[in-house]
Structure formats: C-alpha cells, structure tokens
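Participant: Got a structure for you, written out below as structure tokens; questions coming shortly.
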Amino acid sequence: IEYPHDFIKKLFYPRTAMWYLLSLFYWKVSLLILPKQLYHKKGFLLAGSLLLSLFAGFFQLTTLMSFQRTFYFLPFFMLGFCLRKTNIKKYFQSFSSFVCIILIVSLLLSLYIINDSIYMHFAGFEIYSSLIGAGKRVLYVTISLVLCLIMMKILKQNMRMADIGKESLYIYIYHSFI
C-alpha cells in the first residue's frame, strides 16, 4: 500500500530516472521564459548556463525537486539546444574512430586516477566552498562535454545505434522499474 505522503515524497525527491524528466521540464520552461532575442546568442547562452551551474555548486540544494542536478546539467541542455540545427559531423571529420576511443579510455582512466568519488562529481551532487571546487566542476563539465562529442562522432558512424537512441525515451523511463 502506498500512502499519500509517500507519493508526495517521490514527487518532491525524485529518484532514478525521474530526476531527469523533472529537470527536462525545468529546462523546457526556462526556454519559454527566455527572451527570443537571446536564442541567436549561442555563446551567451552557453556561458550563462555554465556560470549558473558553477554558481549553484556553492549552495546545498539537496535533492529537493532535483535542483542540484538540474543546474549541474544545464550547460549540456543548452549545448544541445544551441547545436540542434548545426551539423556536428563537420567538426569531427578529421578524427578517426580509433583516436576517439583512445581519447575516451585515456580521459576515463585519468579521471579514475584523479578522484575516487567520481560519481559525486558527474552526478551533479558535488557542493564546494572555494574556487578550487568550481574549477573542478569546470574540468568535469569540460571532460563530460568532450566525451559526449566523441560519442556523437562514434554514433554518427554507426547509424543503427543512433536510430535506436533517438527512439529510446520509453526505455529510459521504464528501465528504473526493472
């Protein structure tokens, strides 16, 4: 039996896949609030989202309504919003898949060597109190972006994987119930 307070707790403290859906809602609403004149200023949007992400890292937002993760991953959403009509493939033509795989392995290995609590950084839970912590967040966001772009390069060459990925929202939503 699920009690009403359990449902409310799940609503305000989302777990597993639900935090992403709540964050996606926040990001989409923020685009509606954002003045249309700023849509064409991609550099401003990306820099602003990164600064907002860094600023939010100084505050303990807990897991209430997934605000901490929402701000941490905001630069990724804005990058996707800014690049949605851009042909990313032209940026990667000079890289071979072998070089991309070597980059992925070396970045992940270096991250493992640098820090043993890597999950806290990449999950967006890291709270910091100094500029060193903000610098770490910039480093992790940059590494994450590079890894994402490399994965896009690899998946562009394997269109079967890309086709499966763009139709997989229902898999993402339901995988937490398995």
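The values are calculated or read from the model by the stated rules, or taken from the named source; none is laboratory data. This structure is a prediction, so every number in the text was calculated from the model and none was measured. Positions of Cβ are generated from backbone atoms using ideal geometry, with glycine treated the same way; all protein chains shown enter the neighbour counts. Surface areas here come from the heavy atoms of the whole protein model, side chains and all, with no ligands, DNA or RNA. Shrake-Rupley method; radii C 1.70, N 1.55, O 1.52, S 1.80 Å.
Participant: I need the peptides 33-42, 127-136 ranked by packing, meaning the mean over residues of other C-beta atoms within 10 angstrom, with the highest value on top.
Facilitator: Result, highest mean first: 127-136, 33-42.
Participant: Can I ask one more? Could you work out how much longer the chain between L107 and L51 gets when fully extended? Use 0.36 nm per residue separation minus the Cα distance between them, nm to one decimal.
Facilitator: Result: 17.8 nm gained on full extension.
Participant: Let me ask something else about it. For the range 25-67, what % of the accessible area comes from carbon and sulfur atoms, probe 1.4 Å?
Facilitator: 79 percent
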